[in-house]
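One structure is given here, and the rest of the page talks about it.
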Amino acid sequence: MRSCPYCGAPLTFERMEKIYTCSGCGAALSLQDIVELRERARAEKEKTFKEKRRHEEYLEWWLSSKK
Ligand SMILES: [Zn+2]
């Protein structure tokens, strides 16, 4: 079963309208919307991770240079 990219609740497929609706937040999404949102969320997560990593590296460098 697919889960909502917004809240993670399971999505229900509306056969008549060919869209997915979320029981959690009430979002109505096409399959393309879901794919795009998931891709965007993944890219966002990666970016956050890289920034965090860079900060940690900087911190390590800063701490080691203070010895
Ligand atoms: Zn939702």
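Taken together, the values in this text are just the output of simple stated rules run on the coordinates, not laboratory data. Only a predicted model underlies this, so the values are computations on that prediction, with no experimental measurement involved. A quick note on method: Cβ atoms are made from the backbone with ideal geometry, for glycine too, and the neighbour counts reach across all protein chains shown.
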Packing-ranked peptide list from 53-63, 24-34, 2-12, highest mean Cβ count within 10 angstrom first, is 2-12, 24-34, 53-63
Charge context of residue 53, other residues only, Cβ under 12 angstrom, K/R +1, D/E -1: -1
Residues of segment 1-36 with amide N under 19 Å of a point placed 7 Å along Cα→Cβ from residue 42: 1-9, 11, 30-36
Cβ-defined net charge surrounding residue 28, 15 Å radius [Lys, Arg +1; Asp, Glu -1]: -1
Residue 66: which lysines have alpha carbons under 28 Å from its alpha carbon, excluding same-chain residues fewer than 8 sequence positions away? 50, 52
Counting only residues 5 or more apart in sequence or on a different chain, those whose built amide H sits under 5 Å from that of residue 27 are 22
Taking the chain as the reference, fit the longest principal axis to its C-alpha atoms, fit the long axis of helix 31-65 to the helix C-alpha atoms, and give the angle between the two in degrees, 0 to 90, nearest 10. 10
For the chain, one quarter of the surface area of the C-alpha convex hull, expressed in nm², comes to 5.6
